[in-house]
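**Q** Before we start, here is the structure in question, set down as structure tokens.
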Amino acid sequence: KPIRIVINEMDFIKTRDDDETANLIWNDSAVQHEKIAELRNYQRINHFPGMGEICRKDCLARNMSKMIKCQPQEYSFIPKTWIFPAEYTQFQNYVKELRRKRKQKTFIVKPANGAMGHGISLIRNCEKLPAQEHFIVQEYLDKPFLMEGYKFDLRIYILVTSCDPLRIFLYNDGLVRMGTEKYHAPSEANLSQLYMHLTNYSVNKHNENFERDETVDKGSKRSISWFTEFLRTNDYDVAKFWGDVSELVVKTLIVAEPHVLHAYRMCRPGQPPGSDSVCFEVLGFDIILDRKLKPWLLEINRAPSFGTDQKIDYDVKKGVLLNALKLLNIRASDKKRNLAQQKAEAQRRLYGHGSMKKLSAASTDWEKQRHTLERRREELKERLAQVRKQISREEHEKQHLGNYRRIYPPDDKLLLEKYESLLSAAFQTFLAGRAASLQKEMNNPLKQMKEEDILDLLEQCELDDEKLMGKSSRQRGPKSLTAMPECSTTPRRQRPDYLADFTSGSSADNSCSSSDEEEEERRKSLKTSPTPSASPTLSGPIRRSISCPRSIASLSSPSELRALSTRPSPTVPMATPLVRPSSATLRSHSLSRSGSAHRVPHSNSLGTIHSNIGDPLINLRSKEQEAELVRQTVAALTAMRIRFPGKTEEEAEAVLDEILDNWKYHKPKVASYWLVKLDSTKQRKVLDIVRTNVRSVLQRIWREPDVESLHLYRLFNRVFNRLLWSHGQGLWNCFSNTGSSWETIFSKSSELVSPQELQCCRRLVQLCRDCLLVVYKFVSESRGSLTGLKSSFFPGASLYMIHNSCAYFNRLSLCAYSIKTSAV
């Protein structure tokens with residue numbers, strides 16, 4: 001078997017079957033849950049618990065039927081299926097309806113847990129089917145795509161390396177398995193000719209017409225790489241074909257994911273999040289194509305045959321296994337590393353390192369606030385460790401993909417959003433009421449954040465902790481340039497004092513100067529841990545890694561720092577505050593943070609570092625071109641307006657003015673709606689109204705289909721994450737004169753931000769603020785809650801947020817919701 005050959009090529013040594021310390025365990029059949037529970041963290045086994053939910057024909061049919069009910073458009077790639085005896089009556093009713101319409105169809109009968117074509121038959125006279133036997137009945141696809149007059153199917157090999165999180169890889173080669181008799185549409189005369197209708201190798205190899213020709217374009221078994229070239233030669237859309245196959249595979253495994261993840265966590269309780277999976281699985285998807293080249297799922301094999309009757313079997317299957325083991329990154333040192341981790345964990349538990357002090361009933365409010373802050377800091381550190389481990393894992397995958405390609409998570413952001421929506425629907429369908437914590441975990445906003453965003457939040461926690469401890473906040477930003485103008489002490493026009501914060505927030509120091517001693521203190525703080533207690537997942541200082549865009553880890557010596565610090569830095573003019581036009585001017589001034597216009601901080605050395613590490617796509621444009629595009633973006637954002645459903649633009653402005661003029665009345669209601677009633681997912685959906693349309697504006701102005709590469713969009717993402725910080729407290733702080741301003745994310749980083757970019761961010765915050773007020777007002781007038789938001793963009797027209805049926809919010813039918821913009 002190829003598995004033994006691959007093991008030797010990987011320099012593995014086969015041990016006794018009863019060896020419980022082996023790094024890799026390979027089973028040709030399903031594995032008991034107890035076996036998986038007993039595995040050590042460094043071991044790997046080639047099956048997941050719960051995967052039988054899609055690998056047994058009856059389980060696959062039952063689970064697909066449930067998904068089809070809630071997502072019929074997405075799950076149209078499996079033939080109609082009935083499970084006997086439970087669905088015998090429904091099947092007979094369907095046959096009667098066909099007879100009434102004078103239609104006749106052919107059905108294929110399969111054993112519920114059969115394999116290799118055993119027990120399969122075709123029928124047209126459905127009355128003969130026994131009602132009490134256990135099997136499945138499917139509609140027969142009678143118009144397949146033919147090759148040289150023969151019916152065929154495809155064996156696609158899929159590697160699942162993890163279910164927590166889900167990671168799926170598709171092998172770019174496979175097998176084309178052909179029938180051995182020319183195909184004719186099914187009739188009473190040929191129903192028993194299984195060599196014509198079935199494509200199973202185990203069936204057709206017994207036919208005398210089976211060809212074992214080793215030539216690539218001949219024989220009854222060929223490679224998918226040859227078939228791909230065949231499609232290309234005959235002018236078929238190969239990219240669409242592989243895209244359809246990939247979607248079929250991912251959607252099918254999404255159906256399995258709730259079952260697999262739930263079973264896996266039951267087997268591995270207490271395993272740290274983001275840990276390497278002890279399970280992996282190589283699956284064989286059997287897919288057939290209809291005459292329009294649409295793929296249909298036939299079945300999934302959790303133990304595909306790795307027998308090698310022909311050279312083509314050896315070439316394909318050896319590649320599947322060899323590339324899979326390289327991707328898994330199984331190393332001999334894993335055993336020693338795991339032992340060291342176990343000892344460290346035992347010592348941590350023994351001495352109580354990293355454990356948090358529990359609150360008592362007599363705890364003061366100060367102790368409760370400190371405990372909440374410490375718990376959030378530990379959560380952020382844990383997530384940071386997961387993100388960094390994921391980055392390391394992805395780097396290994398990129399270097400060792402071989403002939404695999406990753407299909408989940410996909411690189412396409414829109415496709416990923418669609419898959420995540422389907423995944424959420426699958427959890428609600430299969431685990432409703434049984435594993436609500438999994439659904440809550442999926443909706444955790446930290447899962448969407450990158451390393452730099454988490455570091456920003458950790459730094460914010462440090463600021464909050466200093467204020468809580470009564471310490472003066474140190475200046476987090478780089479030392480101000482001598483050429484930078486001093487901040488004015490004249491406050492902006494403000495609303496009355498009742499614009500105080502609804503909940504207690506922390507205030508960052510916004511002074512415009514810092515001494516050399518403070519700068520030295522700030523640099524030292526980057527080298528020390530922000531908390532006295534050790535984290536169970538991160539030990540030592542928290543630094544920005546190489547992968548972090550604002551990382552300084554690439555500097556290898558102090559001499560490099562000195563060299564960079566001697567380079568001149570351009571003078572940055574002071575950004576002018578952004579105000580709402582026309583009648584909204586008063587509101588813009590009144591809701592701004594009191595104090596002077598904000599400096600745009602940067603230093604000689606760190607600014608230069610960032611320019612070296614920045615996105616290469618931006619460097620393709622000149623500075624003048626980029627500045628002009630930013631100016632156009634400012635103009636476009638300034639022209640955007642929040643529009644109240646059913647009201648004119650002037651009426652919408654009047655609604656916003658009325659809320660702010662009566663802020664003392666509306667403030668507790670807005671706070672209750674935003675901070676209490678909406679969970680993190682629903683808060684994100686409100687801001688996604690602005691995010692989606694701003695993204696469209698950037699795509700049009702910058703002519704970039706993928707705006708993720710834009711420096712300005714990365715700034716926007718940081719702002720959005722800051723507004724959602726601490727369960728929406730970031731945005732709520734924008735309504736008050738106290739609390740931490742969102743602008744502190746720039747004052748304490750080395751990132752170079754121009755005045756125009758800061759102006760864009762200010763306008764972005766203003767749109768988010770107005771969007772929340774309009775949503776709140778619409779909900780209060782409708783006496784309900786938002787249900788769901790979906791946006792589309794048309795230049796020069798309105799942007800409508802159309803109601804859909806997802807019950808994310810409580811009972812409001814949102815007819816139309818829009819941001820209006822003029823064409824740029």
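**Q** Here's a check for you: in the stretch 359-405, which residue that is more than 19 Å from residue 455 (Cα to Cα) and polar (S, T, N, Q) is modelled with the highest pLDDT?
**A** Looking at residues that are more than 19 Å from residue 455 (Cα to Cα) and polar (S, T, N, Q), I get 403.
**Q** If I ask for residues that are aliphatic (A, V, I, L, M) and either surrounded by fewer than 17 Cβ atoms within 10 Å (Cβ to Cβ) or not assigned by the TED database to the domain that holds residue 166 (or both), which ones from the stretch 268-311 would you list?
**A** Passing the criteria: only 293.
**Q** Somewhere in the stretch 258-279, is a residue within 21 Å of residue 406 (Cβ to Cβ), in contact (Cβ under 8 Å) with a residue 12 or more places away in the chain and part of a strand (DSSP E or B)?
**A** yes
**Q** If a residue has to be touching a helix residue (DSSP H, G or I) at 6+ places or on another chain (Cβ under 6 Å), of a type outside the set (A, V, I, L, M, F, W, C) and at pLDDT 85 or above to count, how many in the stretch 254-278 make the cut?
**A** Adding up the residues that qualify gives 2.
**Q** Within the stretch 380-392, take every residue that is in contact (Cβ under 8 Å) with a residue 12 or more places away in the chain and under 16 Å from residue 167 (Cα atoms) and give me the one that is surrounded by the most Cβ atoms within 10 Å (Cβ to Cβ).
**A** By that ranking, first place goes to 387.
Let's see how each residue does on (1) open to solvent by 50 Å² or more (accessible area, probe 1.4 Å); (2) modelled with pLDDT of 90 or more; (3) of a type in the set (Ser, Thr, Tyr); (4) in contact with a helix residue (DSSP H, G or I) (Cβ under 7 Å, 6 or more places away or on another chain):
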| position | (1), (2), (3), (4) |
| --- | --- |
| 39 | no, yes, no, no |
| 43 | no, yes, no, no |
| 46 | no, yes, no, no |
| 49 | no, yes, no, yes |
| 62 | yes, yes, no, no |
| 78 | no, yes, no, yes |
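**Q** Scan the stretch 110-124 and tell me whether some residue there is within 42 Å of the chain's Cα centre (by Cα) and buried (at least 19 other Cβ atoms within 10 Å of the Cβ).
**A** Checked against the condition, which is being within 42 Å of the chain's Cα centre (by Cα) and buried (at least 19 other Cβ atoms within 10 Å of the Cβ), the stretch 110-124 yields at least one hit.
Yes or no, residue by residue, for (1) closer than 22 Å to residue 42 by Cα; (2) open to solvent by 60 Å² or more (accessible area, probe 1.4 Å); (3) not in a helix (DSSP H, G or I):
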| site | (1), (2), (3) |
| --- | --- |
| 324 | yes, no, no |
| 360 | no, yes, yes |
| 370 | no, no, no |
| 378 | no, no, no |
| 397 | yes, no, no |
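**Q** Exactly one of these conditions fails for residue 680: (1) among the small types (Gly, Ala, Ser); (2) within 21 Å of residue 461 (Cα to Cα); (3) buried (at least 20 other Cβ atoms within 10 Å of the Cβ). Give me its number.
**A** Every listed condition holds for residue 680 apart from (3).
One line per residue, one yes/no per condition, for (1) on the phi < 0 side of the Ramachandran plot; (2) part of a loop (DSSP other than H, G, I, E, B); (3) surrounded by 14 or more Cβ atoms within 10 Å (Cβ to Cβ):
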{"position": "73", "(1), (2), (3)": "yes, yes, no"}
{"position": "91", "(1), (2), (3)": "yes, no, yes"}
{"position": "97", "(1), (2), (3)": "yes, no, no"}
{"position": "133", "(1), (2), (3)": "yes, yes, no"}
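**Q** Still on this structure, please answer the following. Within 16 Å of residue 150 (Cα to Cα) and loosely packed, with under 14 Cβ neighbours inside 10 Å, is that true of residue 209?
**A** Taking the combined requirement at face value, the residue satisfies it.
**Q** Go through the residues of the stretch 402-421 one by one and say whether even a single one is out of contact with any Gly (no Cβ under 9 Å at 6 or more places or on another chain), within 30 Å of residue 65 (Cβ to Cβ), open to solvent by 40 Å² or more (accessible area, probe 1.4 Å) and of a type in the set (Val, Ile, Thr).
**A** No; the residues of the stretch 402-421 include none that is out of contact with any Gly (no Cβ under 9 Å at 6 or more places or on another chain), within 30 Å of residue 65 (Cβ to Cβ), open to solvent by 40 Å² or more (accessible area, probe 1.4 Å) and of a type in the set (Val, Ile, Thr).
**Q** Kindly indicate whether residue 652 is assigned to a helix (DSSP H, G or I) and surrounded by fewer than 19 Cβ atoms within 10 Å (Cβ to Cβ).
**A** Criteria not met by residue 652.
**Q** Right, another one. Among (1) out of contact with any Leu (no Cβ under 7 Å at 6 or more places or on another chain); (2) assigned to a loop (DSSP other than H, G, I, E, B), where does residue 330 come up short?
**A** Of the numbered conditions (1) out of contact with any Leu (no Cβ under 7 Å at 6 or more places or on another chain); (2) assigned to a loop (DSSP other than H, G, I, E, B), the odd one out for residue 330 is (1).
**Q** Does the stretch 341-357 contain at least one residue that is polar (S, T, N, Q), open to solvent by 60 Å² or more (accessible area, probe 1.4 Å), at pLDDT below 75 and under 30 Å from residue 450 (Cβ atoms)?
**A** Scanning the stretch 341-357, I find at least one residue that is polar (S, T, N, Q), open to solvent by 60 Å² or more (accessible area, probe 1.4 Å), at pLDDT below 75 and under 30 Å from residue 450 (Cβ atoms), so the answer is yes.
**Q** Here is a check on your reading of the model: is residue 185 out of contact with any Lys or Arg (no Cβ under 9 Å at 6 or more places or on another chain), aliphatic (A, V, I, L, M) and surrounded by fewer than 15 Cβ atoms within 10 Å (Cβ to Cβ)?
**A** No, not satisfied.
The values are calculated or read from the model by the stated rules, or taken from the named source; none is laboratory data. Quick caveat: nothing in here was measured; it's all calculated off a predicted structure. For neighbour counting, all protein chains shown are included, and Cβ atoms are generated from backbone atoms with ideal geometry for every residue, glycine included. Remember, those area values only see protein heavy atoms, side chains included, never the ligands or the DNA or RNA. Shrake-Rupley method; radii C 1.70, N 1.55, O 1.52, S 1.80 Å.
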